[in-house]
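Chemist: Sharing a structure below in structure tokens format, with a few things to ask.
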Amino acid sequence: MVEPGVVHVFLSRGRFSSGEDIRDYVDERWSGNGDAEPSAFMAHAGIAELEPMCVEVVHARDDGHLTPVVPEVLLRDASYADQWLPHVESTEPADAAICVFTPNVVANPHGTPLHYLGGFTYRT
């Protein structure tokens, strides 16, 4: 039997002007000697070791303009959304989202300046 995974979902409105801005906030950096350094998001959310292939970022743009939309629209193309998105109760418009999937462990989800929607289960 496959153990369910958990996706932690974070929303933002007006914080990131581009997909590059949100990646700069999420992605690890590398020091001059090749050591991984945690990103601001990793530090805020309490993620000790990031598996980058299990983090998705969404940035809502329509004709080059930021367009806040409800989570149901913003997140509809995220991985496994058909399983967990129906459980999202928020209707708060957002223009960016970060979805952190298992095996990543989020120890401090409320430590970020983003709106934390919660952790939702899914099966692969």
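Where a number appears in this text, it was derived from the coordinates with a stated rule and is not lab data. Given the structure is predicted, the values throughout are model-derived calculations rather than measurements. All Cβ positions, even for glycine, are placed from backbone atoms using ideal geometry, and neighbour counts span all protein chains on display.
Chemist: Report the charge-dipole magnitude of the range 52-100 in Debye, nearest 20, computed about the Cα centre from +1 at each Lys and Arg Cβ and -1 at each Asp and Glu Cβ.
Modeler: Dipole about the Cα centre, nearest 20: 120 debye.
Chemist: Collect residues whose amide H, placed 1.01 Å from N in the peptide plane, falls under 5 Å from the amide H of Gly118; neighbours closer than 5 in sequence don't count.
Modeler: Here the answer is Val9, since their amide H atoms fall under 5 Å of that of Gly118.
Chemist: Right, something else. With the crude spin-label approximation of a point 7 Å out along Cα→Cβ, what separation in nm comes out for Arg29 versus Ser79?
Modeler: Each label point is offset 7 Å from its Cα along the Cβ direction, giving 2.6 nm.
Chemist: Can you run phi through the Karplus equation (6.51, -1.76, 1.60; θ = phi - 60°) for the range 24-33 and list ³J(HN,Hα) in whole Hz, with x for Gly and Pro?
Modeler: 4, 6, 8, 6, 4, 10, 10, 6, x, 9
Chemist: Dipole magnitude of the range 5-122 about its Cα centre, charges +1 at Lys/Arg Cβ and -1 at Asp/Glu Cβ only, in debye to the nearest 20? Mind dumping the intermediate values first?
Modeler: Numbers: 6 positive and 18 negative charges, 45 e Å.
For the range 5-122, the charge dipole is close to 220 debye.
Chemist: Rounded to the nearest angstrom and ordered from largest down, what semi-axes does the equivalent ellipsoid of the chain get from its C-alpha gyration tensor (root of 5λ)?
Modeler: On the way: eigenvalues 98, 79, 30 Å².
Semi-axes, largest first: 22, 20, 12 Å.
Chemist: Give me a comma-separated list of calculated 3J(HN,Hα) values for the range 83-91, in order, Karplus coefficients 6.51, -1.76, 1.60 applied at θ = phi - 60°, integers in Hz, x for any Gly or Pro.
Modeler: For the range 83-91, the Karplus curve yields 8, 10, 4, x, 8, 7, 9, 6, 10 Hz.
Chemist: A follow-up question, please. Name the residue from Pro68, Val26, Pro52 whose Cα lies farthest towards the positive end of the charge dipole of the range 5-122, charges +1 on Cβ of Lys and Arg and -1 on Cβ of Asp and Glu.
Modeler: Pro68
Chemist: A further question on this structure: Quote the relative contact order of the chain in percent (integer), defining contacts as alpha-carbon pairs under 8 Å separated by 6+ residues.
Modeler: 44
Chemist: Looking at the range 17-67, which GluC sites (Glu not before Pro) are DSSP coil and have at most 13 other C-beta atoms within 10 Å of their C-beta? Please report the intermediate quantities before stating the final value.
Modeler: Working: sites: Glu20, Glu28, Glu49, Glu56; in loops: Glu28, Glu49.
When the GluC sites (Glu not before Pro) of the range 17-67 are filtered for loop state and at most 13 Cβ neighbours within 10 Å, Glu49 remain.
Chemist: As a test of the formula, what do you get for the chain when each DSSP H run with n ≥ 4 contributes -39,500 (n - 2.57) and the sum is divided by the residue count, at 222 nm and rounded to the nearest 500 deg cm²/dmol?
Modeler: -3500 deg cm²/dmol
Chemist: Using DSSP to call loops (not H, G, I, E or B), can you name the trypsin sites (Lys or Arg not before Pro) in the range 23-124 whose Cβ has at most 15 other Cβ atoms within 10 angstrom?
Modeler: Arg76, Arg123
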